[in-house]
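One structure is given below, encoded as structure tokens.
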Amino acid sequence: MPAKLPSYSNPDSNAVAILGISISAPANDAHGLDAETCYEFRKSVSINTVPSVCCNVVAHHDITPAKAHTKTRFPRGLYNQDLQELGVTPMEYPHVPVMEVILLTRIFGALEHSGVEYRGTRTGVYVECIRGNMILEMDITQAGACCTTGVWLSNAVNHIKCALDLLGPSFTLDTAFSPRQSATQLAVEAIADGQCSQAVVASIASTLSSIDEVNGSVHGNAVSAVVLKRHDLAVKDRDNIYATYTGISLTSFESIAGPLTTPSPKAFGTGIRHPIEHERRPEHPDIHILKDGPFLFAIGALSLKAVNTSERFHKDRCAEHTALTLSARLGNRARQMPWRTYAVADCLQSAAFPDPVAVEKRPNPLVFCFSGQGPHHWQQGRDFMATYSVFRESIHACDKAYFAYTGNSFLQETGLFVADPPTSSPLAESSTWPAAIISVSMTFFQIAMFDLLTSLGIKPDAIVGPSIGVTAAMYASGAMPREMVIEIAISRGRALAMVDNMGGAMFAVSGCNVDRIRGYADTVASLNKLRKEESSKLYVAAPLSPTDTVFSGSEVLVNLLTKYIDTYVDGVIARKLPVTTGVHSPFVDACEDAYRSELSRIFSRYAGPFIPSIPDMSMVTAEFQSCGYTVDYLWDNLQQPMLFLPAIIGLLNKCGERTTFIEVSPHPVHSLWIKKAGAFDSLATATRPPSARHLIPGAKRHRETEAFLQTIGQLLLYGVNSINFSVLNGCPSEPLDGPFHPFGKIFDSCHGLEGLVPSSC
């Protein structure tokens, strides 16, 4: 039985996919793939004068035997490029070899066409050695202290790697036969061996067969580059695959009868120049829902000027394309560029882009913060359920685990997350929910949001889970499977239900330290003649900053104290939290035995140890969790104070000053305090929609996905290049042709500069 061919439905780790193609052939003024089509199939006239940058054509032109005709075959408009956008000054430009400029433009074009993430990645470069009109050899005996033994051919590839920030291996190949096939062979082997994640192979054909009307061959240049990537990884990233190498081998029969592997129409059912198409990339199941918007439009280029030009170009000429196509294609291009901007809008024409910013060479470290109790609300997750299948499937997988443990469906019991909730529900009427529902609903949302983020290529460098957030953090860190985490969330909710409405409450204070709050508590107790055992029940639950603290205490004291602060204390804000017990305090001691007992039964059914595979900062010890999670740890996480501020400072010390937090929560509750602790920024995955009474009449309904897209756009400006815009927009199949490339043209005079014009992209 023949082996099944690689396809989107059959990923093959041993095959290598071709993702991006960039070709310039001598065919009038066409560019890119159009030039190749014109050259190969239309047989258009492509005879032109040798570019002045290649040689002094005036000195060689004559009809005498000692001279030569200067009409040959070269791609037009290829040799005069402005490299200032890549840091090459006008004074340095005349010293840049012509072939290096050609290779740079084609390699950049192939990478841009593929849409892959390449800056700062292990992307290899394999180039066929081209012998031009320069002196390539040197007398080694003349080498001195200030002389190098290399030539520009070997240095050109390294220059290209530096310009495009490619970190993989690089080779310039010069073989007796088929150097471009040899380069492809090395690239495929490097990808298979894991030396690089992807590779680009480029070549310049210096001798071309002429068109039918002319005999023989002539000197000229046809430049091409392709991007290669392991097939299964390309399928995982939903890249657009044009063809696949399932095997490759070099032979030495080309000078006699052609390689043994030359395609044979009789053997393969097709001839040369007859395309064998790879399976068409299937559209994502979300595409029919995503078309309703909103959309994230990102634009990037090599310079500030080019970003503005690209924005005008696409707004003026791409109105006939769908918003999903524009969002996917422009986003994949933008993540390759050093200058970027973005906007969230219903269409590109209405998008208002802020000023572009230059991104750092390396992405900001990302920390996922799984928030604790407080941000829950009735509408949480409904827009994500309707829009993103990854989120929806993750919620259903969590509900399946809940059903297996309890015999009931959490979605049916509560009406949360589903598209058609009950018309009346006590959860919709009040923000103070039972602890059992808060525990499970928060875990459901955070697990599903983590799955959605990672499906888009956004992965954390570290994670942290304050309070109840530790439950989802154990899943995100890889320490525990989904089923075990859901059971722990249920057991935590059951334990807290035992101490619900037993006199405990929590409140957050901003604007003063702990000692002043205790002084205010004494004043309140004295004014209201509270009993000593009542007034002494005030505990620090979480130090958020030197002037921000969360307290647990008796409900009587909390109510009186928050009212007193709001009425009589200027510059201090006190807010009671929507919870029904005082966690991180002795108020939960009554449920210890039941909680530990149920946790022990859960741990006994799963094989340990439960050690995180991603750095996980503990809020119990303010240190990274190096040992496995245990029953004792989970009880300490419930009863002991959260060391919030020390933990955040520990993360910043490890990850650096540009550390960016992503708050995985239905609504941001820790972002302000995270920024106060010194974080570069803290972004929210979702925000609570305003109530109907706060909406302006006729205003569009706020959607959770808008804040989500804003966060993704901001991450793009922070250098996170792994964002997969194809998956984000449902993998639209509509093609989009943009500007040829972002290099500006110059007018050349014997390899010199006469003037510059604005970039085209």
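The values are calculated or read from the model by the stated rules, or taken from the named source; none is laboratory data. Keep in mind that what you see is a predicted model, and the values were worked out from it rather than measured. As a convention, Cβ positions derive from the backbone with ideal geometry for all residues, glycine included, and neighbour counts pool all protein chains shown.
Just to be sure, is ILE447 closer than 19 Å to ASP616 by Cβ, part of a helix (DSSP H, G or I) and not assigned by the TED database to the domain that holds PRO546? Spelling it out, ILE447 is indeed closer than 19 Å to ASP616 by Cβ, part of a helix (DSSP H, G or I) and not assigned by the TED database to the domain that holds PRO546.
Taking the criterion of being assigned to a helix (DSSP H, G or I), surrounded by 22 or more Cβ atoms within 10 Å (Cβ to Cβ) and of a type in the set (A, V, I, L, M, F, W, C), the residues of the stretch 491-505 that qualify are ALA495, LEU496.
Kindly provide the set of residues from the stretch 409-454 that are farther than 24 Å from TYR595 by Cα and touching a Gly at 6+ places or on another chain (Cβ under 6 Å), ordered by number. Passing the criteria: PHE417, PRO421, PRO422, SER425.
Among the residues of the stretch 5-17, those that are surrounded by fewer than 23 Cβ atoms within 10 Å (Cβ to Cβ) and part of a strand (DSSP E or B) comprise SER7, ASN10.
Out of contact with any helix residue (DSSP H, G or I) (no Cβ under 7 Å at 6 or more places or on another chain) and not assigned by the TED database to the domain that holds ALA473, is that true of ASP636? No.
Quick check on ILE437: is it over 20 Å from VAL588 (Cβ atoms), in contact (Cβ under 8 Å) with a residue 12 or more places away in the chain and of a type in the set (Val, Ile, Thr)? Against the criterion (over 20 Å from VAL588 (Cβ atoms), in contact (Cβ under 8 Å) with a residue 12 or more places away in the chain and of a type in the set (Val, Ile, Thr)), ILE437 does not qualify. Go through (1) farther than 19 Å from VAL485 by Cα; (2) in contact (Cβ under 8 Å) with a residue 40 or more places away in the chain one by one and return the number of the condition ASP593 breaks. Unmet condition: (2).
Would the stretch 385-405 turn up any residue that is out of contact with any strand residue (DSSP E or B) (no Cβ under 8 Å at 6 or more places or on another chain), β-branched (Val, Ile, Thr) and not in a helix (DSSP H, G or I)?
No, the stretch 385-405 has no match at all.
Looking only at residues of the stretch 533-572 that are of a type in the set (Asp, Glu) and in a helix (DSSP H, G or I), we find that the one that is surrounded by the fewest Cβ atoms within 10 Å (Cβ to Cβ) is GLU533. When the stretch 281-310 is filtered for residues that are among the small types (Gly, Ala, Ser) and not in a strand (DSSP E or B), the ones remaining, listed by number, are GLY293, SER303, ALA306, SER310. If you go through the stretch 279-309 and keep only what is in contact with a helix residue (DSSP H, G or I) (Cβ under 8 Å, 6 or more places away or on another chain) and of a type in the set (S, T, N, Q), you end up with just SER303.
Checked against the criterion of being modelled with pLDDT under 70, out of contact with any helix residue (DSSP H, G or I) (no Cβ under 9 Å at 6 or more places or on another chain) and polar (S, T, N, Q), the stretch 747-758 contains one or more residues that satisfy it.
For the stretch 506-518, indicate whether the set of residues that are more than 37 Å from the chain's Cα centre (by Cα), free of Cβ contacts under 8 Å to residues at least 60 places away in the same chain, crowded, with 19+ Cβ neighbours inside 10 Å and more than 30 Å from ARG658 (Cβ to Cβ) is non-empty. Yes, some residue in the stretch 506-518 is more than 37 Å from the chain's Cα centre (by Cα), free of Cβ contacts under 8 Å to residues at least 60 places away in the same chain, crowded, with 19+ Cβ neighbours inside 10 Å and more than 30 Å from ARG658 (Cβ to Cβ).
Residues checked against (1) among the acidic types (Asp, Glu); (2) part of a loop (DSSP other than H, G, I, E, B); (3) surrounded by fewer than 22 Cβ atoms within 10 Å (Cβ to Cβ); (4) touching a residue at least 40 places away in the same chain (Cβ under 8 Å):
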| position | (1), (2), (3), (4) |
| --- | --- |
| ARG312 | no, no, yes, no |
| ASP316 | yes, no, yes, no |
| SER327 | no, no, no, yes |
| ASN332 | no, no, no, yes |
| ALA343 | no, no, yes, yes |
| CYS347 | no, yes, yes, yes |
| ALA352 | no, yes, yes, no |
| ARG362 | no, yes, yes, yes |
| HIS377 | no, yes, yes, yes |
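Inspect the stretch 476-489 for any residue being crowded, with 22+ Cβ neighbours inside 10 Å, polar (S, T, N, Q) and outside any strand (DSSP E or B) and give the result as yes or no. The answer is yes, given that some residue of the stretch 476-489 is crowded, with 22+ Cβ neighbours inside 10 Å, polar (S, T, N, Q) and outside any strand (DSSP E or B).
The one condition from (1) over 22 Å from ALA707 (Cα atoms); (2) not in a helix (DSSP H, G or I) that PHE417 does not meet is (1).
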